[in-house]
Amino acid sequence: MNKRLEFLKTVVPFNTLPHDVLEGVAEQLKEVYYKKDTTIYQQDVTMMKGVDIIVDGEYESFFYDSTGNKRVIERHPVGFCYGGVSVLLNRRRSLRTVVAKKGTLVYFLHRKDFRVLCKAYEEFFMHFTNEFGKRMQNEEFVHFFKQPVSFTESYIASEQLYSRRIDSVEFRAVVSCPQDTPIFKVAQSMAANKTSCLFITNNAEKIIGYVTDITLRDKVIAQQHNAADTVETVMATPIVSINADAFVYEALLMMFQTKTRYILIEKDGTYAGFISRNKLLSEQSQSPLVFIQSVKLANSTDELKRKWQDVPQFVTQLLGRGVNAEIVNQIITTVADTIAQKVIENVIAQVGEPPAKFVYMVLGSEGRKEQTFKTDQDNAIIYEDKANEHREEVRAYFLDMATRVSADLNNIGFVYCTGDFMAQNPKWTHSLSHWKRNYTYWMDESIPETVINFSTFFDCRTIYGDNTIMDELHAFLDEKLQQPLNKLFFYMAQNALQYEPPLTFFNNIRTFKKDSREVFDIKRAMSPIVDLVRVYALKNRIFEVNTGERMKALKAKGIFSESEYHELSQSYYFLMNLRLKKQTEQIMQDHTSPDNYIDIAKLSKLEQVTLKEIFKIISNFQSKIKVSFQGSLMS
């Protein structure tokens, strides 16, 4: 007995129990011995009778994936207690598969006795919930733990839709010809090679464009173009390419965003082939990416409105399959972009071709590709500088176009911005030179109000128009950001510190009343992550717009360590998952307008524990940003 008692005093969290209680626990323990390589528990199958404390030997725990491979492997040495999380938080089912790696002796404590200890001693109970909260910061752990109706079916579906890489899809060899080749010879080559797409090269043998069956139909036959002319007169651009290691869904999203039907595949520094959008869609016939294609084919505003109303259903399916919120955001954003592009095209058809090159850009959450269902319009227009005599005419055209576009978007379901950050507002439709002056003023005369504007317009992204305008703006900003801008970064850091993570002194989540519910605002909870990542991105002249992409770029530059990146990224997308799940439930089940208020009572213990860990992480990063960006100016 003394041997068991002395051993328990060295085991966390049993060492937190009073001495007389520990003596009672020692009496209840049962010794169990497992031979080497014995499978003790099976993930989500074995009903746990209690918990094991390893006395001698070693456990290995892991998840099995759909192909029988071990994933998220962990080794558990002497002193480790297995089963607490499973008993408390997984319906008594073993969370993972467990194998004895050596001949292993354990002390077994029945779950009834274990539960009594958890109810009586808060610190003892919190050890297991905190342990689980920390593990839920591991994206792969979350992926395998989150089990919908059928784990195997769900995982396979997720693999097929979102884990398949381009290299696994059959693609066609590249067929090309020089830019001075006559059009009729290009058509002959396409027929001989039985290809619907032929690529065009310049004198340096670099691919600069392409010709398709549709090109020949629309630009040659329909317009009675001279077939003896060189192919460069009718070729299509731009060239879009992707690495063979990329995921299929990434290629499809890129093709929808760039409006190209063909994409080149890069492998080992060369173009290994190309693939058509139809081919990829056939590979993904059950995915929401097919739905995006149907959005592109919609003609009327009413039809686009119906399409947008269908999106929550797709999102519900994706979240139910355990698809990462980062991917779900990309799907929502691509649908929203596609709808906006269709609206802009329809408006241009009504008012006539633009009198100048321009970009229609989106801001805020849509600019960051992080759109949810509780969102409004945030957009602006930049057009090329024109001679004085045409300035007012050009401006009038774009303001009229912007007003029509915003009205149609509002009708579809993208409501008007309450802060009036819209292109129809004359403040936010200007020439490129005027926009450069705006950014210069916001950066040089930094005060809280101008910094808010700068932050909003730094999160900007082109969804329609001539990308060279945005490229020129980025080049201008890149030069400006190389100057000392301590005040700008001070006030931007201040924005990231405005929100205090809602944790009480006793480590409970602070809430407020909303329609008789105890809630917290999840959008506000996420905002410090967005704000602090934006500050670091600006400081390091990173022009990625998406918060996740900014984090990856900061990790690549060594600004964030590997652990900091994973903590922040997994925290952000856990919160985003909760937010999207809540909003889709409101739309699909409650038939109410979505909001950003999370009802604490409706969260599981797992989710509450994970939230507490996340709020601690946010608080730690706020302390870091305070030192990094405010210390010198405050002193």
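The values are calculated or read from the model by the stated rules, or taken from the named source; none is laboratory data. Small disclaimer: the values here were computed from a predicted structure and weren't measured. All Cβ positions, even for glycine, are placed from backbone atoms using ideal geometry, and neighbour counts span all protein chains on display.
Give the residue that is surrounded by the fewest Cβ atoms within 10 Å (Cβ to Cβ), with candidates limited to residues of the range 274-286 that are hydrophobic (A, V, I, L, M, F, W, C) and modelled with pLDDT under 85.
Start the filter on the range 274-286 by keeping residues that are hydrophobic (A, V, I, L, M, F, W, C), which leaves 274-275, 280-281.
Next, from what is left, pick out any that are modelled with pLDDT under 85: 280-281.
On the way: Leu280: 20, Leu281: 17.
Top of the filtered list is Leu281.
Filter the range 287-331 for residues that are closer than 26 Å to Val405 by Cβ, modelled with pLDDT of 80 or more and of a type in the set (Ser, Thr, Tyr) and give the result.
Correct list: Ser300, Thr301.
Out of the residues in the range 159-195 that are assigned to a loop (DSSP other than H, G, I, E, B) and over 34 Å from the mean Cα position of the chain (by Cα), which is nearest to Ile331 (Cα to Cα)? Show your work before the answer.
Of the range 159-195, the ones assigned to a loop (DSSP other than H, G, I, E, B) are 163-164, 169-171, 173-175, 179-181, 194-195.
Now narrow it down to the ones that are over 34 Å from the mean Cα position of the chain (by Cα): 175, 179-181, 194-195.
Numbers: Val175: 32, Gln179: 37, Asp180: 40, Thr181: 40, Lys194: 33, Thr195: 30 Å.
The qualifying residue nearest to Ile331 (Cα to Cα) is Thr195.
Mind telling me which of the residues Thr233, Thr195, Thr260 ends up being out of contact with any Asp or Glu (no Cβ under 8 Å at 6 or more places or on another chain), of a type in the set (Val, Ile, Thr) and closer than 30 Å to Ile327 by Cα? Give the steps one after another, and end with the answer.
On the way: Thr233 fails: closer than 30 Å to Ile327 by Cα; Thr195 fails: closer than 30 Å to Ile327 by Cα.
Answer to the check: Thr260.
Which pairs have Cβ atoms under 9 Å, sit 6 or more apart or on different chains, and link a residue in the range 453-465 that is farther than 14 Å from Arg368 by Cα and modelled with pLDDT of 90 or more to one that is outside any strand (DSSP E or B) and not basic (Lys, Arg)?
Pairs found: Tyr464/Asp337; Tyr464/Ala340; Tyr464/Gln341; Tyr464/Ile344; Tyr464/Glu345; Gly465/Ile344; Gly465/Pro354.
Could you check the range 566-596 and list, in sequence order, the residues that are surrounded by 17 or more Cβ atoms within 10 Å (Cβ to Cβ) and touching a Pro at 6+ places or on another chain (Cβ under 6 Å)?
Scanning the range 566-596 gives Gln583, Thr584, Gln586, Ile587.
Is it the case that some residue within the range 552-563 is in contact with a strand residue (DSSP E or B) (Cβ under 7 Å, 6 or more places away or on another chain), of a type in the set (Asp, Glu) and on the phi < 0 side of the Ramachandran plot?
Our first condition is that a residue be in contact with a strand residue (DSSP E or B) (Cβ under 7 Å, 6 or more places away or on another chain); within the range 552-563, this holds for none.
So far as the range 552-563 goes, no, none of its residues is in contact with a strand residue (DSSP E or B) (Cβ under 7 Å, 6 or more places away or on another chain), of a type in the set (Asp, Glu) and on the phi < 0 side of the Ramachandran plot.
Within the range 430-441, identify whether any single residue is modelled with pLDDT of 90 or more and not in a helix (DSSP H, G or I), and answer yes or no.
yes
Looking for something part of a loop (DSSP other than H, G, I, E, B) and among the charged types (D, E, K, R) - is there at least one such residue anywhere in the range 10-32? Steps first, please.
The first filter runs over the range 10-32 and keeps only residues part of a loop (DSSP other than H, G, I, E, B), leaving 10-13, 17-18, 29.
Still in the list and also among the charged types (D, E, K, R): none.
Checked the range 10-32: no residue is part of a loop (DSSP other than H, G, I, E, B) and among the charged types (D, E, K, R).
Of the conditions (1) among the acidic types (Asp, Glu); (2) farther than 27 Å from Lys605 by Cβ; (3) part of a strand (DSSP E or B), Asp37 satisfies every one except a single condition; which number is it?
Checking Asp37 against (1) among the acidic types (Asp, Glu); (2) farther than 27 Å from Lys605 by Cβ; (3) part of a strand (DSSP E or B), the one that fails is (3).
Looking only at the range 242-285, how many residues end up being among the basic types (Lys, Arg) and closer than 29 Å to Glu366 by Cβ? Even if it seems obvious, please write down each step before you answer.
From the range 242-285, those among the basic types (Lys, Arg) are 259, 261, 267, 277, 279; that's our starting set.
With closer than 29 Å to Glu366 by Cβ added as a condition, the list becomes 259, 261, 277.
So the count comes out to 3.
Starting from residues that are among the charged types (D, E, K, R) and not in a loop (DSSP other than H, G, I, E, B), keep the ones in the range 40-67 and report whichever is farthest from Val142 (Cα to Cα). Show your work before the answer.
If we filter the range 40-67 for residues that are among the charged types (D, E, K, R), which is where we start, we get 44, 49, 52, 56, 58, 60, 65.
When the remaining residues are screened for being not in a loop (DSSP other than H, G, I, E, B), the result is 52, 56, 60.
On the way: Asp52: 23, Asp56: 30, Glu60: 19 Å.
Per the stated criteria, the residue is Asp56.
Of all residues in the range 79-90, count the ones that are in contact with a strand residue (DSSP E or B) (Cβ under 9 Å, 6 or more places away or on another chain) and either surrounded by 17 or more Cβ atoms within 10 Å (Cβ to Cβ) or under 16 Å from Gln42 (Cα atoms) (or both). Let's see the steps before the verdict.
Going residue by residue through the range 79-90, those that are in contact with a strand residue (DSSP E or B) (Cβ under 9 Å, 6 or more places away or on another chain) are 79-84, 86-87.
Still in the list and also either surrounded by 17 or more Cβ atoms within 10 Å (Cβ to Cβ) or under 16 Å from Gln42 (Cα atoms) (or both): 80-84, 86-87.
Within the range 79-90, residues that are in contact with a strand residue (DSSP E or B) (Cβ under 9 Å, 6 or more places away or on another chain) and either surrounded by 17 or more Cβ atoms within 10 Å (Cβ to Cβ) or under 16 Å from Gln42 (Cα atoms) (or both) number 7.
Determine whether the range 412-425 contains at least one residue that is farther than 25 Å from Val311 by Cβ, in contact with a Leu (Cβ under 8 Å, 6 or more places away or on another chain), β-branched (Val, Ile, Thr) and in the same structural domain as Gln494 (by TED's automatic domain parsing). Before the answer, list the steps.
Going residue by residue through the range 412-425, those that are farther than 25 Å from Val311 by Cβ are 420, 425.
This time we only want the ones that are in contact with a Leu (Cβ under 8 Å, 6 or more places away or on another chain), so: none.
No, there is no match, as no residue in the range 412-425 is farther than 25 Å from Val311 by Cβ, in contact with a Leu (Cβ under 8 Å, 6 or more places away or on another chain), β-branched (Val, Ile, Thr) and in the same structural domain as Gln494 (by TED's automatic domain parsing).
Has the range 475-496 got at least one residue that is within 30 Å of Lys605 (Cβ to Cβ) and touching a residue at least 40 places away in the same chain (Cβ under 8 Å)? Before you say what the answer is, go through the steps one by one.
Kept after step one, since they are within 30 Å of Lys605 (Cβ to Cβ), are these residues of the range 475-496: 496.
The next check asks that each one be touching a residue at least 40 places away in the same chain (Cβ under 8 Å); those that pass are 496.
Within the range 475-496, one or more residues are within 30 Å of Lys605 (Cβ to Cβ) and touching a residue at least 40 places away in the same chain (Cβ under 8 Å).
Spot the failing condition for Phe476; the list is (1) under 30 Å from Pro238 (Cα atoms); (2) touching a strand residue (DSSP E or B) at 6+ places or on another chain (Cβ under 9 Å), and only one is missed.
(2)
Which residue is nearest to the chain's Cα centre (by Cα), if the candidates are limited to the range 552-565 and must be assigned to a helix (DSSP H, G or I) and surrounded by fewer than 21 Cβ atoms within 10 Å (Cβ to Cβ)? Working first, answer last.
Going through the range 552-565, the residues assigned to a helix (DSSP H, G or I) turn out to be 552-556, 562-565.
From the residues that got through so far, the ones that are surrounded by fewer than 21 Cβ atoms within 10 Å (Cβ to Cβ) too are 552-553, 555-556, 562-565.
Numbers: Lys552: 12, Ala553: 14, Lys555: 16, Ala556: 18, Glu562: 18, Ser563: 18, Glu564: 17, Tyr565: 14 Å.
Across the range 552-565, the extreme among qualifying residues is Lys552.
Closer than 18 Å to Arg461 by Cβ and either polar (S, T, N, Q) or in a helix (DSSP H, G or I) (or both) - does that describe any residue in the range 408-421? Walk me through how you get there before you give the answer.
First, pick out the residues of the range 408-421 that are closer than 18 Å to Arg461 by Cβ: 409, 414, 417, 421.
So of that shortlist, the ones also either polar (S, T, N, Q) or in a helix (DSSP H, G or I) (or both) come out as 409.
Yes, because at least one residue in the range 408-421 is closer than 18 Å to Arg461 by Cβ and either polar (S, T, N, Q) or in a helix (DSSP H, G or I) (or both).
Only one residue in Lys219, Lys119 is surrounded by 14 or more Cβ atoms within 10 Å (Cβ to Cβ), assigned to a helix (DSSP H, G or I), at pLDDT 80 or above and charged (D, E, K, R), so which one is that?
On the way: Lys119 fails: surrounded by 14 or more Cβ atoms within 10 Å (Cβ to Cβ).
Testing whether each residue is surrounded by 14 or more Cβ atoms within 10 Å (Cβ to Cβ), assigned to a helix (DSSP H, G or I), at pLDDT 80 or above and charged (D, E, K, R) leaves just Lys219.
Looking only at the range 511-552, which residues are of a type in the set (Asp, Glu) and more than 22 Å from Pro484 (Cα to Cα)?
Within the range 511-552, Asp515, Glu518, Asp521, Glu549 qualify.
Determine whether Val335 is in contact (Cβ under 8 Å) with a residue 24 or more places away in the chain and either within 24 Å of Glu250 (Cα to Cα) or part of a loop (DSSP other than H, G, I, E, B) (or both).
Values: in contact (Cβ under 8 Å) with a residue 24 or more places away in the chain: yes; either within 24 Å of Glu250 (Cα to Cα) or part of a loop (DSSP other than H, G, I, E, B) (or both): yes.
Yes.
Suppose we filter the range 73-110 for residues that are assigned to a strand (DSSP E or B) and in contact (Cβ under 8 Å) with a residue 60 or more places away in the chain; how many remain? Please lay out each step first, then the result.
Within the range 73-110, the first condition is being assigned to a strand (DSSP E or B), and the residues that meet it are 73-76, 81-82, 93, 97-100, 104-110.
After this cut, where a residue has to be in contact (Cβ under 8 Å) with a residue 60 or more places away in the chain as well, the list is 81, 99-100, 104-110.
Total satisfying the criteria: 10.
For every residue, the table says whether it meets (1) among the β-branched types (Val, Ile, Thr); (2) in a helix (DSSP H, G or I).
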site: Asn577; (1), (2): no, yes
site: Leu580; (1), (2): no, yes
site: Thr592; (1), (2): yes, no
site: Thr610; (1), (2): yes, yes
site: Glu613; (1), (2): no, yes
site: Ser619; (1), (2): no, yes
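Show the residue pairs meeting these rules: Cβ distance below 7 Å; 6+ apart or different chains; first residue within the range 229-249 and not assigned by TED's automatic domain parsing to the domain that holds Cys197; second residue at pLDDT 90 or above and buried (at least 18 other Cβ atoms within 10 Å of the Cβ).
Hits for this filter: zero, empty list.
Residues are listed down the side, and each one gets a yes or a no for (1) out of contact with any Leu (no Cβ under 9 Å at 6 or more places or on another chain); (2) under 19 Å from Asn202 (Cβ atoms); (3) part of a loop (DSSP other than H, G, I, E, B); (4) modelled with pLDDT of 85 or more:
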{"position": "Ile239", "(1), (2), (3), (4)": "no, yes, yes, yes"}
{"position": "Ile242", "(1), (2), (3), (4)": "no, no, no, yes"}
{"position": "Leu253", "(1), (2), (3), (4)": "no, no, no, no"}
{"position": "Ile265", "(1), (2), (3), (4)": "yes, no, no, yes"}
{"position": "Ala272", "(1), (2), (3), (4)": "no, no, no, yes"}
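I need the full set of residues from the range 594-608 which are closer than 16 Å to Ser516 by Cα and not in a loop (DSSP other than H, G, I, E, B), in order please.
Selection gives Tyr597, Ile598, Asp599, Ile600, Ala601, Lys602.
Taking the range 512-551 only, how many residues are part of a helix (DSSP H, G or I) and surrounded by 16 or more Cβ atoms within 10 Å (Cβ to Cβ)? Reasoning before the result, please.
In the first step, residues of the range 512-551 are kept if they are part of a helix (DSSP H, G or I); the result is 522-539, 547-551.
Subsequent filtering for residues that are surrounded by 16 or more Cβ atoms within 10 Å (Cβ to Cβ) retains 522-523, 525-539, 547-551.
The number of residues fulfilling the criteria is 22.
Could you tell me how many of the residues in the range 345-392 are more than 18 Å from the chain's Cα centre (by Cα), among the β-branched types (Val, Ile, Thr) and surrounded by fewer than 22 Cβ atoms within 10 Å (Cβ to Cβ)?
Total meeting the criteria: 3.
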